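First comes the structure, then the notes that go with it.
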Amino acid sequence: MTTITSNLKLPMKASFFTRFFILGLFCLLSQWVLGQENRPDTDTVLQKASEKLIGVWRMDLPEQKQKMEPSDRNQLDQLDEKEQEDFWMMNDSKVYILNRDGTVKRVWVDRGSYFEESGKWDFQSNPMTLVLQFEEAAEEFKVNFTGKGMVWVPRTRTREFFGVLHLKSLLQ
């Protein structure tokens, strides 16, 4: 008979299955307790995600065009060729600057005119939501990090033509 050294005392008359069950339960509980020590807390995960957001972000236009939702594509197709060209040029110029101090700047060019909005940003963990607070209004996005950058999904659909924003870093 094989013996296992442990502080767990099993009655000698316990059946094999009872001993096996108790030993398995002991192993599972010890793994759970040990795993808790190695699991990062929510603040650490939130901090790492916030650090990933800091930087200069620009719309990934090829990705945006490729993954554009059919309803957005249909709406865009209603515009004439010049309006579509202006739309894509404006979005290609749009840049988001998320600073470590929690400030955000959004800049873009539309039909030759420069536009800039400044505000604050905050990242909330449940669910992973980026809040951009500009003077006019707040915008909330669910954030998904990808190998190429990140995807922002608006919490409420107020953005014209895009249900999802595909962004890439300009600092990499």
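Values in this text are rule-based calculations from the coordinates and carry no lab data. The shown structure was predicted, so the numbers you read here are calculated from the model rather than taken from an experiment. Quick reminder, even Gly has a Cβ in these numbers, built from the backbone with ideal geometry, and neighbours come from all protein chains shown.
Worth a mention:
- All of (1) touching a residue at least 40 places away in the same chain (Cβ under 8 Å); (2) part of a strand (DSSP E or B) hold for L171 with one exception: (2).
- Checking each residue in segment 127-148 for being in contact (Cβ under 8 Å) with a residue 60 or more places away in the chain and either closer than 11 Å to L53 by Cβ or surrounded by fewer than 13 Cβ atoms within 10 Å (Cβ to Cβ) (or both) picks out M128, L130, V143, F145.
- Apart from one condition, Y114 fits all of (1) in contact (Cβ under 8 Å) with a residue 40 or more places away in the chain; (2) loosely packed, with under 14 Cβ neighbours inside 10 Å; the exception is (1).
- Filtering segment 75-133 to residues that are in contact with a Leu (Cβ under 7 Å, 6 or more places away or on another chain), closer than 17 Å to W57 by Cα and among the small types (G, A, S) leaves only G119.
- Evaluation of R100 against the conditions (1) without any contact (Cβ under 8 Å) to a residue 40 or more places away in the chain; (2) exposed (fewer than 12 other Cβ atoms within 10 Å of the Cβ) shows that the sole unmet condition is (1).
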